[in-house]
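Reading through the structure tokens given below for one structure.
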Amino acid sequence: MTIRVLIADDQELVRTGLSMILGAQPDIEVVGQAADGNEAVALARSLRPDVCLFDIRMPGLDGIEATTAIAGPGVENPMAVVIITTFDLDEYVYAALRAGARGFLLKDAGSALLGQAVRAAADGDALIAPNVTVRLLEAFAGAAPAKAAPPAQPIEPLTHREEEVLAKVAIGLSNSEIASELFITLSTVKTHLASLMAKLGARNRVEIAIWAHQTGRIPNPL
């Protein structure tokens, strides 16, 4: 199945580059490009792409506002949004994830990682690169308001296996990687993820990872 992608970035060179890279992938089709947040939201609603790549800083609506409009709380049939960021400069990515984005992609990512991120987003899989997960989540926590409410407690205690899956999600492993490391099936991983989301009130695996960080469950980086 071809993955349909919408690209939104106010820099034409970036849009063109992303479009060329993704267009060269046999299973990905770029169905639209937008130069600002308002256009991005309008195209997303009309085209219903499988994945939206949104720059965090755009005129009109920024990436946070655009993400909230198509993937935020209360949105019926939310779309998969990946935030395109320079990371070191974008202190608002945390808010974008809270607004409903499933993950992020660095603008200097290579073509392989770009394709992987799009495919993962389309599949609802891991979107945070493992080598930067801990640093990224720490930066997000630092960008959160100082008086933010403490993380919610699970409605039911997590099982030992759920804690194991939680730790793997928190370091950015994909479903298949978690299955391999824990010697369980892919369907079992998905079952545990569904249970974690229900218990934590999380909408996606990124919110699971954020909760793991906020509660001190992220393993020390290697």
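Data for the structure
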read-out: Breaking point among (1) closer than 23 Å to GLY72 by Cα; (2) at pLDDT 90 or above, for VAL189; value: (1)
read-out: Test: residue in region 56-67 that is under 16 Å from ALA120 (Cα atoms), buried (at least 23 other Cβ atoms within 10 Å of the Cβ) and under 15 Å from the mean Cα position of the chain (by Cα); value: no
read-out: All positions within region 166-181 that are farther than 22 Å from LEU105 by Cα and either touching a helix residue (DSSP H, G or I) at 6+ places or on another chain (Cβ under 6 Å) or assigned by the TED database to the domain that holds GLY103 (or both); value: ALA179
read-out: Members of region 107-131 that are at pLDDT below 80 and in contact with a helix residue (DSSP H, G or I) (Cβ under 8 Å, 6 or more places away or on another chain); value: ALA109, GLY124, ASP125, ALA126, LEU127, ILE128, ALA129
read-out: Extreme residue, least open to solvent (accessible area, probe 1.4 Å), among residues of region 16-31 that are assigned to a helix (DSSP H, G or I) and without any contact (Cβ under 8 Å) to a residue 12 or more places away in the chain; value: GLY17
read-out: Complete set of residues in region 1-15 that are open to solvent by 10 Å² or more (accessible area, probe 1.4 Å), among the hydrophobic types (A, V, I, L, M, F, W, C) and within 20 Å of GLY60 (Cα to Cα); value: LEU13, VAL14
read-out: First in region 152-163 and hydroxyl-bearing (Ser, Thr, Tyr), second anywhere and surrounded by fewer than 15 Cβ atoms within 10 Å (Cβ to Cβ) and part of a helix (DSSP H, G or I), Cβ under 6 Å, 6 or more apart; value: none
read-out: Where CYS52 falls short, out of the listed (1) outside any strand (DSSP E or B); (2) at pLDDT 95 or above; value: (1)
read-out: Residue in region 32-44 that is within 20 Å of the chain's Cα centre (by Cα) and loosely packed, with under 15 Cβ neighbours inside 10 Å present; value: no
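The values are calculated or read from the model by the stated rules, or taken from the named source; none is laboratory data. Note that this is a predicted model, so its numbers are computed, not measured. Glycine also receives a Cβ, built like all others from the backbone with ideal geometry; neighbour counts cover every protein chain displayed. Surface areas here come from the heavy atoms of the whole protein model, side chains and all, with no ligands, DNA or RNA. Shrake-Rupley method; radii C 1.70, N 1.55, O 1.52, S 1.80 Å.
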